[in-house]
Amino acid sequence: MHTKKHLTWREKQILCLMMKGMRCKQIADALGVKELTVRKQRAGLMFKFSAHNGMQLLQLAENLNLLKGI
């Protein structure tokens with residue numbers, strides 16, 4: 001069972017933009033960072049939640065109410 005994880009502000013931003021259907025390049029442009037940075041942070045989130053893909057990551061984040069208040 002996954003427990004509530006601590007997320008940085010940037011991780012929350014990335015998850016929020018992923019929930020809106022944005023791809024890594026679009027997220028990078030929106031945040032003013034390199035696409036590689038977003039890809040690494042996304043990979044870190046997937047590791048943190050033991051998610052196998054982006055969809056599973058978003059489902060876990062939603063189930064845990066991690067984006068509440070953003």
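Tabulated values for the structure
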item: Residue that is nearest to the chain's Cα centre (by Cα), among those in the stretch 35-45 that are surrounded by 16 or more Cβ atoms within 10 Å (Cβ to Cβ) and among the hydrophobic types (A, V, I, L, M, F, W, C); result: Leu45
item: Hits in the stretch 48-70 (condition: part of a helix (DSSP H, G or I) and more than 11 Å from the chain's Cα centre (by Cα)); result: Asn63
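Rule-based calculations on the coordinates, nothing more; no lab input. Just so it is clear, the structure is predicted and the values come from calculations on it, not from any experiment. When we count neighbours, we look across all protein chains shown, and the Cβ atoms used for this are built from the backbone with ideal geometry, even at glycine.
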